[in-house]
Amino acid sequence: SSTAARACGSFRPATVTTSMPTLHLPADPAATERLGAFLGARLRPGDTVGLDGELGAGKTTLVRGLAQGLRVEDPDAVHSPTYLLVVEYPGPIRLLHADAYLPAKLAGMLADGGLEYLFDPTAVAVV
């Protein structure tokens, strides 16, 4: 939206090919973080955000911004959860940051009850 563009710098919405809207992240990390903060302030418990992109695409930078918008306790602590699978950040609304980079490991976690954990209606999940 134009409001998001003004708040976050330039970004360009992609063609929506599924029922979910798609955004291309700005090349500038600061703009990506501002976009995340803008979106994070609008997320509610039970929301899930799916991220897709190559290594270095800005996914973790976006999540750091989401953490700021959600007012987690230490948004600067946000890091890639690749080898941990899920990192939980406390705040008024908990942020669950999961990584699907190791799909077999993630599938095992989901099979062991992780799906219920990730879709906790009191948290925001980012995968």
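The values are calculated or read from the model by the stated rules, or taken from the named source; none is laboratory data. This is a predicted model, so every value here is computed, not measured. Here the Cβ positions follow ideal geometry from the backbone for every residue, glycine too, while neighbour counts run over all protein chains shown. Keep in mind that these areas ignore ligands, DNA and RNA; they rest on the heavy atoms of the full protein, side chains included. Shrake-Rupley method; radii C 1.70, N 1.55, O 1.52, S 1.80 Å.
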- Note on the structure: Of all chymotrypsin sites (Phe, Trp or Tyr not before Pro) in the range 19-127, the ones in DSSP coil with at most 10 other Cβ atoms within 10 Å are Tyr83
- Counting only the backbone N, which residues of the range 21-42 are under 15 Å from the spot 7 Å out from the Cα of Ala100 toward its beta-carbon? 21-23
- State the percentage of accessible surface on the range 13-127 attributable to carbon and sulfur atoms; use a 1.4 Å probe and exclude ligands, DNA and RNA. 59 percent
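Expressed in nm to one decimal, what extension gain is obtained for the pair Val127 and Tyr83 from 0.36 nm per residue of sequence separation less their Cα-Cα distance?
Numbers: separation 44, 0.36 × 44 = 15.84 nm, distance 1.37 nm.
Gain in length upon complete extension: 14.5 nm.
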